[in-house]
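A short worksheet on the structure shown next.
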There are 2 protein chains.
Amino acid sequence: MRVVVIGSGAGGLTVASNLRKYSKEVEITVFTMEDKVAYSPCAIPYVIGGDIDSFEEIVMHTPEYYGKHGINIVTESEVLEVASSQNLIKYRLINGDESAPELITLKYDYLVIATGGYPFIPPVEGNDLEGVFKVRTIEDGAKIKEWSKTSSKAVIVGAGAIGLELGYGLKQIGIEVSVTEMLPQVLPRSLDPDMALKVQEYLEGQGVRIILNNALTKIVGVDVAEEAVVGDIKMDADLVILSTGVRPSIELAKQAGCNIGDMGVVVNERMETSVSNIYAVGDCVEVHDGITGQKTLSPFGTTAVRQGKVAAKNLAGKDAVFRPVLNSVVSKIGELEVGAVGLTEESAKMNGIEVVVGKSQALTRARYYPGCKPIDTKLICGLDGTILGCQIIAKETVAERVDTMAMAIAKQVKCNEITEMEFSYAPPVSMVVDPAVMAAEDALKKLSS
Amino acid sequence: MRVVVIGSGAGGLTVASNLRKYSKEVEITVFTMEDKVAYSPCAIPYVIGGDIDSFEEIVMHTPEYYGKHGINIVTESEVLEVASSQNLIKYRLINGDESAPELITLKYDYLVIATGGYPFIPPVEGNDLEGVFKVRTIEDGAKIKEWSKTSSKAVIVGAGAIGLELGYGLKQIGIEVSVTEMLPQVLPRSLDPDMALKVQEYLEGQGVRIILNNALTKIVGVDVAEEAVVGDIKMDADLVILSTGVRPSIELAKQAGCNIGDMGVVVNERMETSVSNIYAVGDCVEVHDGITGQKTLSPFGTTAVRQGKVAAKNLAGKDAVFRPVLNSVVSKIGELEVGAVGLTEESAKMNGIEVVVGKSQALTRARYYPGCKPIDTKLICGLDGTILGCQIIAKETVAERVDTMAMAIAKQVKCNEITEMEFSYAPPVSMVVDPAVMAAEDALKKLSS
């Protein structure tokens, strides 16, 4: 049996390595347009900002490593066609002579489409100037890092997690930074405006300029970027980074005849597409929201890994399903950890779900223990008290606290259960009453009034 | 209505302050033998070790503060009698002339017994010498801190959390320390031997001597301690600390006619004793184990707080219940955070529950992110995969990870659900596959084989 995987991101490589665990016989070939595989794209801003010394460090394994484990990775290759009726793909090597691309044909028994996403580039004048970068691959990151050595003024377009992480990172290495966002807040996908303001104020306190409510109009320069214009605000910029979101790469799946939904490639809970021997995983597929039931995207490494495991099990004849998502996220922006899971207050409203909100301002450790840090917690609860969402900001332990709330949301825990829950306590590491309990008590007050 | 509370620990004061929130009219009087209230006993080892500058810092509020909020705290007083048939108590002030204790009578409408626990003192020769200390109150702590200034060799009897925290703390201030334990491991109540060994090795690496399998035989000295003998091992010791556990203080409850169980004062889930207008909360009561259903103790500040809230609500005419416990615990021993919740492998065996164990050795953050630390995770699962217990050791984020597993155990989550769960991910704060997921996968392998 031969399994062909298109894409070497978290999704594709998880399928490959898990499938190899279950079966020594199956032949596994992975195609990727890149020359490096098994790296963490989420770490790119931290290499640029200097927290991590080099891009080499964020690469976990080489293609040769996979080769030794019986996974054939064809780097710098482009799959141009999927002929699903004949169970074959056609690809070419792009590391050779580009002018004479020889098409090579490969048969498959099962195909896994893990083509990921591509960065959305705002269709404005000057988006192709030198000094204008997208940020998706390790190669993009290396180019930005190199360019930043001679840069003094950067404009980052898009105030999502990557944009803010990069903003802090570039400021850290001495560059004057503006982050711009067309929406009226930073982190619009994961935070409500009240919580987003705390992140904004932190970054402004660190000297990063934040411009909201303005979309990129154009980039000005002769060959090289000199100025970025958002709305009608002009800013000198010798470095412009477009972190304006990612779109699912669905072309190959479409060509293969797979159903495409409003958001991405349609898969069932076994990660099978509508074509019987084709699976799809990762940023290219659409998933269901665990609370609203609606179709959504979940372009996160963790989601890709979980989907890859499910696909691998099913390919190996086992039985596994991928559940609707809550989209747990966390980001480290400077010293600040920002995390969220489930619905925001805003997204609840947009979905017509009535909610109450509970908030707390507390500390990560006992008040008197050196190093304790302020922590802001916001819980979003349905009118029956069920926790539907959570947002947390602090300088430590946010990811783990979000995970506890993710577990609570997944198990449909109610506010009063949170207040009764046993949070572990020792003064050097926690408060005697957990910040989440305080937020739940705040929500309960509103529910009972 | 007058509510009398005996005891000003976490349980007693939580009843008082929560009851005041619900009712401005009720008269609340709290009796305590101490002169300080509202401090955190769990913080005492960290003041002794110097992490916290002084005992003043761990006191949250003064008696006067409570007085201003309409809670009358009678410090340095001893309640000698509860005459429940007449709804009255008799007490004396012990801060005055001890030779002429005047008994004062006070009527109550409701009584709350929050008498806590008393330290068990091994009945051996020399346990009353100078230089021999128990560690329960802030006064005990202050005495130890004072004595430690001229001490060079300490023996701590009992390798529970307090004993180990103190052991590290005294070593930190330059004292040669041995911690002794009659059982064959450190932290016998919360960890299995394999995990306990990691804590032991860490402490030994820090220069703390650990002696297992030996109970205290005697303490030798003329007026002042000079030597501690455990089993037949003699050790020079000018400071001996008995951290040999706590027993529920049940005398007043017994005298009041409340039913006493095998472990402590019997209460229903409303925190009512068998006497109709008497409640009991905190270390003096027995509770039910959330997994085995058996009676147990839960002598933790967090438990006392949760019980105090339940009692206050019921006293205020609301309706609240206290659920069986999982005994989430966490301790910081040097740089090490050690946490546990639910059953250990050993306690499962003792209860005749067949389990499988899943373990992982992982990192707290991405491998390449500076400051990532090793983390050991152990999950204990029933044969149907249900998570019954968890033990975690690392130098950060243990408390919060234990809380996630506490939520999982409370909601009877199974191993396969853990592997499917959405843990939040960003390289600076987490691994793409959570250590708990790795441990759950390890357990699943054993369950399916």
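The values are calculated or read from the model by the stated rules, or taken from the named source; none is laboratory data. Since the structure is predicted, the reported quantities are computational estimates derived from the model, not experimental observations. Cβ coordinates were reconstructed from backbone atoms using ideal geometry, including for glycine residues, and neighbour counts include every protein chain displayed. With ligands, DNA and RNA removed, areas are computed over all heavy atoms of the protein, side chains included. Shrake-Rupley method; radii C 1.70, N 1.55, O 1.52, S 1.80 Å.
Points worth noting:
- Only helices enter the 222 nm calculation for chain B: every DSSP H run of n ≥ 4 contributes -39,500 (n - 2.57), and dividing by all residues gives -8000 deg cm²/dmol, rounded to 500.
- Segment A:351-375 and segment B:413-449 have their alpha-carbon centroids 26 Å apart.
- Prolate/oblate/rounded label for chain A (Cα gyration tensor, a/c 1.5): oblate
- The distance linking segment A:166-198 with segment A:54-85 is 34 Å (Cα centroid to Cα centroid, whole angstrom).
- Within the listed set A:A196, A:A83, A:A439, the residue fluctuating most in the Gaussian network model of chain A (springs between alpha-carbon atoms under 10 angstrom) is A:A83.
- Here the spin labels are modelled as points 7 Å beyond Cα on the Cα-Cβ line, and at A:R209 and A:K107 they lie 6.2 nm apart.
- Loop-resident sites, segment A:1-90, for trypsin sites (Lys or Arg not before Pro), counting at most 16 other Cβ within 10 Å (DSSP): A:K24
- For the protein assembly as shown, carbon and sulfur atoms together expose 49% of the accessible surface, with a 1.4 angstrom probe and every protein chain in place.
- Extended-chain gain in nm, criterion 0.36 nm per residue less alpha-carbon gap, B:N351 and B:V224: 41.3 nm
- DSSP beta bridges fully contained in the protein assembly as shown are about 60 percent antiparallel.
- Proximal charge balance of B:E345 [Cβ under 13 Å; K/R count +1, D/E count -1]: 0
- Mean Kyte hydropathy of 1.0 or more with a Cα span along the axis of at least 30 Å, helices from DSSP in chain A: none
- Cα-Cα over 24 Å, subset of A:K24/B:K378; B:K295/B:K349; A:K414/B:K318; A:K145/A:K254; A:K309/A:K395: A:K24/B:K378; A:K145/A:K254; A:K309/A:K395
- In range of the label at A:E81: residues from segment A:242-281 whose backbone nitrogen is under 16 Å from the point 7 Å along Cα→Cβ: A:252-257
- Rolling a 1.4 Å probe over the protein heavy atoms gives the protein assembly as shown an accessible area of 40 Å² per residue.
- Paramagnetic reach from B:D128 in segment B:24-53 [backbone N under 13 Å; point 7 Å along Cα→Cβ]: none
- Inter-copy spacing of B:T105 label points, which lie 7 Å from Cα along Cα→Cβ, given in nm from shortest upward: 10.7
- Between the beta carbons of A:R189 and A:E269, assuming R0 = 22 Å, the FRET efficiency works out to 0.35 to the nearest 0.05.
- Buried area at the A-B interface (accessible, heavy atoms, 1.4 Å probe, summed, Å²): 5300
- Gyration tensor (alpha-carbon) shape descriptor, segment B:298-410, a/c threshold 1.5: oblate
- Inter-copy label distances at A:K21 (7 Å, Cα→Cβ; nm, one decimal): 4.5
- Farthest toward positive dipole pole in segment A:283-352 [+1 Lys/Arg, -1 Asp/Glu at C-beta], among A:A312, A:P324, A:V285: A:A312
- Neighbourhood net charge (12 Å Cβ-Cβ; Lys/Arg +1, Asp/Glu -1) for A:A215: -1
- Shape class for the protein assembly as shown: prolate, because the ratio a/c of the largest to smallest gyration tensor axis (alpha-carbon atoms, square roots of eigenvalues) is 1.5 or more and a/b beats b/c.
- Loop-located GluC sites (Glu not before Pro) in segment B:318-389 (DSSP state other than H, G, I, E, B) with a sparse environment of at most 14 neighbouring Cβ atoms within 10 Å: B:E335, B:E354.
- Position B:E78, label points 7 Å along Cα→Cβ, spacing to each other copy in nm (shortest first, one decimal): 9.0
- Computing FRET efficiency as 1/(1 + (r/R0)^6) for A:E251 and A:S276, where r is the C-beta to C-beta distance and R0 is 35 Å, gives about 0.95.
- Note on A:K143: lysines with a C-alpha under 18 Å away, same-chain residues under 8 apart excluded, are A:K36, A:K134, A:K153, A:K171.
- Projecting label points 7 angstrom from Cα along Cα→Cβ for B:Q294 and B:D53 puts them 4.7 nm apart.
- Net charge of the neighbourhood of A:G126, taken over other residues with C-beta under 10 Å away and scored Lys/Arg +1, Asp/Glu -1, is -3.
- Of all DSSP-defined beta bridges confined to chain A, some 60% are antiparallel rather than parallel.
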